[in-house]
Amino acid sequence: MPFADLGDVRIRYELASQAGPVLVFSNSLGTDYSMWDPQMATLSRHFRILRYDTRGHGGSSVTPGDYTIEQLGRDVLTLLDTLDIDRVDFCGLSMGGSTGMWLGINAPERIDRLILCNTAAKIGNPDTWAARIAMARSDGMKPIAAAVIERWFTPEFRAAHPERSLPAQKMLENSPPDGYASNCAAVRDADFRAALARIQSRTLVIYGAKDPVIPVADAQFIADRIPGSKSIELDASHLSNVEQADAFNQALTEFLLS
């Protein structure tokens, strides 16, 4: 479990040791890098995988103040510099997808292929985020986790696979409240709608047909505005990489190796 000191923040990360192109995984709000466990066996056959805990999450430090997506994107660039990695493929889900959009727009020389999963150019509205931030800071993460888990997975998946949905809920419950609230502010303020056309990386958009967090129209908006992008719909809710792991892994593998 190595850590990288990146100036004002300490980031926990894991980097596979084998040779090959580097694939970075970036997490959803309220998770740590273990959310990508369902991808490791398949994708590590072809890639050197770098996954990390976003600032304010998991084993990474919780720095004060509201965060921005630019700040989270610059954390990625500084981590890559620290590890002497020049150019990567990048896969981000939800908030991680927002980070990916920022990187694609502002650091195109560092991103080869870009996978944006269950994300939108503008996620939610200020009132919803204000209520979420207030709840995290006043009541902690358990009431948030109980509500959010119902949006992360379909009822059918939660009933059939509690061994996969309950650990995700526990991960959210254990997320640091202050770090969670600070990252909520980053997602609240991010808006890439006018800048998507500037992304030149080959891009795949993955979305869930049953995702109440990211409506299908919001995912299609991204795909329509990034030049040459491809999109794929999965029969899943928000954490499509867990709920439809096999289909998700196949989509990633085919796109990245094509």
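The values are calculated or read from the model by the stated rules, or taken from the named source; none is laboratory data. Bear in mind that the values here come from a model prediction, so they are computed numbers and not experimental data. Positions of Cβ are backbone-derived with ideal geometry, glycine not excepted, and every protein chain shown enters the neighbour counts.
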**OP:** Please indicate, with yes or no, whether at least one residue in region 243-257 is more than 30 Å from Ser61 (Cα to Cα), surrounded by 19 or more Cβ atoms within 10 Å (Cβ to Cβ) and either at pLDDT below 95 or among the polar types (S, T, N, Q) (or both).
**Re:** yes
Original post:
So which residues in region 3-52 are of a type in the set (Lys, Arg) and either in contact with a Phe, Trp or Tyr (Cβ under 9 Å, 6 or more places away or on another chain) or closer than 17 Å to Glu243 by Cα (or both)?
Top reply: Arg10, Arg12, Arg51
**OP:** Mind listing whichever residues of region 231-255 are touching a Gly at 6+ places or on another chain (Cβ under 7 Å) and either in a strand (DSSP E or B) or not small (Gly, Ala, Ser) (or both)?
**Re:** Leu234, His238
Original post:
Considering region 21-75 alone, what residues qualify as being of a type outside the set (A, V, I, L, M, F, W, C) and in a helix (DSSP H, G or I)?
Top reply: Tyr33, Ser34, Asp37, Pro38, Gln39, Thr42, Glu70, Gln71, Gly73, Arg74, Asp75
Subject >> Number of positions in region 193-219 that are more than 17 Å from the chain's Cα centre (by Cα) and either part of a strand (DSSP E or B) or under 19 Å from Asn125 (Cβ atoms) (or both) >> reply: 5
**OP:** Considering every residue within region 175-194, establish whether at least one is free of Cβ contacts under 8 Å to residues at least 60 places away in the same chain, farther than 17 Å from Met101 by Cα and surrounded by fewer than 18 Cβ atoms within 10 Å (Cβ to Cβ).
**Re:** no
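Arg51 - would you say it is within 24 Å of Gln250 (Cβ to Cβ), out of contact with any Ser or Thr (no Cβ under 7 Å at 6 or more places or on another chain) and at pLDDT below 95?
On the way: within 24 Å of Gln250 (Cβ to Cβ): yes; out of contact with any Ser or Thr (no Cβ under 7 Å at 6 or more places or on another chain): yes; at pLDDT below 95: no.
Criteria not met by Arg51.
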